[in-house]
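Each remark here refers to the structure printed beneath this line.
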Amino acid sequence: MKTEIKLIKNGKRLDGRKNDELRPIKIEAGVLHRAEGSCYLEWGGNKVLAAVYGPREAVPRHTQNPLRAIVNARYNMAAFSVDDRKRPGPDRRSREISKVISEALENIIITEKFPRASIDVSIEILDAEAGTRCAGLTAAAEALVDAGIPLKDIPVACAAGKIEGEIVLDLGKEEDNFGDADLPIAIAPRTGEILLLQMDGHLTQKEFDKALDLAIKGCKTIAELQKKAILEKYQKNMEG
Ligand code: ADP
């Protein structure tokens, strides 16, 4: 049975946000010393670490593609990242998220530059509070930039959804649990190309269009934070 909970009170969402407002986001690039590239990202109550390993020769060798690199993103939710305590290791949900993120990244990395190679991206969800696939993909993209891997664009992700009949940006935990629909997307911000689009729940065509527009706006705001974080890393390196 669905618990009834009021998600909008006096025109404001439970955490006080407006309908088109993102949760606070903090991005830091280059946080790990031994990975080729890395990123730590906080997005509302989500805490995510992403790290890149490669490009390196793909093993086992039968996985190699003679024309381009393969991209393996592995999304993992730590056992301590959620209230219920999650059984450690991969499950159906994390396999699905790993697959959609790998495909999104594969479309934006210039993989032809690294035939027979593999580019591995680890995404560790340390604290989860809804929207972890978007947070994970956004962190992974930043880690790829940090690793100096040639990209056509810097992918970025954000969700919009529907709560109490209204279209809102970036669902929080209760909104995700008790809301009507969630539409996470990832785009290439320069061209607007959609790299990932999933939908949970129901939206009419009109609502879908509105949610998509809002999610794209969210992506564009976050894209600026990604650029700022990478510039900050280089500034820090120059000072240190
Ligand atoms: P996303 O994190 O991308 O929104 P879902 O919609 O599948 O993906 O999950 C929504 C939220 O539900 C997660 O961010 C997390 O807070 C919570 N959650 C997901 N899986 C579990 C789990 N196995 N146990 C407890 N909470 C979970």
Q) So which residues in region 162-193 are under 16 Å from the mean Cα position of the chain (by Cα), within 29 Å of residue 82 (Cα to Cα) and either in a strand (DSSP E or B) or not charged (D, E, K, R) (or both)? A) 169, 171, 172, 182, 183, 184, 185, 186, 187
**Q.** Options 28, 57; residue that is of a type in the set (D, E, K, R), closer than 29 Å to residue 220 by Cβ and open to solvent by 50 Å² or more (accessible area, probe 1.4 Å)
**A.** 28
Q.
If residue 59 satisfies all but one of (1) at pLDDT below 95; (2) more than 14 Å from the ligand (Cβ to nearest atom), what's the number of the condition it fails?
A. (1)
Q.
What's the number of the only condition in (1) touching a Lys or Arg at 6+ places or on another chain (Cβ under 7 Å); (2) open to solvent by less than 30 Å² (accessible area, probe 1.4 Å) that residue 137 fails to meet?
A. (1)
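What's the total number of residues in region 100-113 that are open to solvent by 50 Å² or more (accessible area, probe 1.4 Å) and in a loop (DSSP other than H, G, I, E, B)? Break it down into steps so the answer makes sense when it comes.
Our first condition is that a residue be open to solvent by 50 Å² or more (accessible area, probe 1.4 Å); within region 100-113, this holds for 103, 106-107, 112-113.
Filter once more, so that each one left must be in a loop (DSSP other than H, G, I, E, B): 107.
Selection size over region 100-113: 1.
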(Q) Of the conditions (1) β-branched (Val, Ile, Thr); (2) crowded, with 22+ Cβ neighbours inside 10 Å; (3) more than 30 Å from residue 61 (Cα to Cα), residue 125 satisfies every one except a single condition; which number is it? (A) (3)
(Q) List the residue pairs whose Cβ atoms are under 7 Å apart, where the first residue sits in region 82-93 and is touching a residue at least 24 places away in the same chain (Cβ under 8 Å), the second is of a type outside the set (Val, Ile, Thr) and near the ligand (Cβ under 8 Å from one of its atoms), and the two are 6 or more positions apart or on different chains. (A) 82/128
**Q.** Residue that is nearest to the ligand (Cβ to nearest atom), among those in region 62-94 that are buried (at least 17 other Cβ atoms within 10 Å of the Cβ) and part of a loop (DSSP other than H, G, I, E, B)
**A.** 86
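Go through 148, 136 for me and flag whichever is in contact (Cβ under 8 Å) with a residue 40 or more places away in the chain and within 16 Å of the ligand (Cβ to nearest atom).
Details: 148 fails: within 16 Å of the ligand (Cβ to nearest atom).
Exactly one residue qualifies, and that residue is 136.
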Q. Within region 151-191, can you find the residues that are among the hydroxyl-bearing types (Ser, Thr, Tyr) and at pLDDT 95 or above?
A. none
Q) From 184, 150, which residue is under 29 Å from residue 29 (Cβ atoms) and buried (at least 17 other Cβ atoms within 10 Å of the Cβ)? A) 184
Q. What number goes with the only condition from (1) within 14 Å of the chain's Cα centre (by Cα); (2) open to solvent by 30 Å² or more (accessible area, probe 1.4 Å) that residue 231 does not pass?
A. (1)
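The values are calculated or read from the model by the stated rules, or taken from the named source; none is laboratory data. Just so it is clear, the structure is predicted and the values come from calculations on it, not from any experiment. Neighbour counts are summed over all protein chains in view; Cβ atoms, including those assigned to glycine, are modelled from backbone coordinates with ideal geometry. Ligands, DNA and RNA are excluded from the accessible area calculation, which covers all protein heavy atoms including side chains. Shrake-Rupley method; radii C 1.70, N 1.55, O 1.52, S 1.80 Å.
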